[in-house]
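Here's the structure, in structure tokens; my notes come after.
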Amino acid sequence: MGRTIPSFRLATLVEWGEWKGFRSRLDKSDRKLFDRMFSISHSYNSACSYAAVPVRIQPIFMSIIFHHYVTLKGLEADMQTKSTNNQVQNQTKMTLQRPAKEDE
């Protein structure tokens, strides 16, 4: 008994082939970025296959958007950590720089 529905990995390759016209009009550096962006969807193939959406590009776009969202949240957390560390360092510096109170 054969498969009637191709794997999403194969569907992604077919979809990528349909975007070759767009890709060919990009600068060489942009083509590399496009390829890297499109390859993000391979990390989410199992989730895409369970999406059961008849339009192949929709789960591909969603996986790219989701990956970028995860990346942004990670950067946001890093910035908050750095901001907190800077605040603590500034408070420590201010505490160390205060002159000691003299007894009157």
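The values are calculated or read from the model by the stated rules, or taken from the named source; none is laboratory data. Every value quoted in this text rests on a predicted model; they were computed, and no experiment measured them. Positions of Cβ are backbone-derived with ideal geometry, glycine not excepted, and every protein chain shown enters the neighbour counts.
So here's what we get for this one:
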quantity	calculated
Any pair with Cβ under 7 angstrom, 6 or more apart, that starts in the range 14-36 at a residue that is within 15 Å of PHE61 (Cα to Cα) and ends at one that is in a helix (DSSP H, G or I) and among the hydrophobic types (A, V, I, L, M, F, W, C)	GLU15/ILE57; GLU15/ILE60; TRP16/PHE38
Residues located in the range 34-69, provided they are over 12 Å from the mean Cα position of the chain (by Cα) and among the charged types (D, E, K, R)	ASP35, ARG56
Criterion violated by SER24 - all others in (1) within 22 Å of the chain's Cα centre (by Cα); (2) modelled with pLDDT of 95 or more satisfied	(1)
Helices (runs of 4 or more DSSP H) enclosed by the range 1-69 - at least 3 residues per element that are of a type in the set (Ser, Thr, Tyr)	45-51
Cβ pairs under 6 Å, 6+ apart, first in the range 41-67 and closer than 11 Å to PHE8 by Cα, second crowded, with 17+ Cβ neighbours inside 10 Å and polar (S, T, N, Q)	SER41/THR12; SER41/SER63; TYR44/SER63; CYS48/SER63; ILE60/SER41
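Each row is one residue, and each column tells you yes or no for (1) exposed (fewer than 12 other Cβ atoms within 10 Å of the Cβ); (2) in contact with an Asp or Glu (Cβ under 7 Å, 6 or more places away or on another chain); (3) of a type in the set (A, V, I, L, M, F, W, C).
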site: GLY17; (1), (2), (3): yes, no, no
site: GLY21; (1), (2), (3): yes, no, no
site: TYR44; (1), (2), (3): no, no, no
site: ALA51; (1), (2), (3): no, no, yes
site: LEU72; (1), (2), (3): yes, no, yes
site: VAL88; (1), (2), (3): yes, no, yes
site: LYS93; (1), (2), (3): yes, no, no
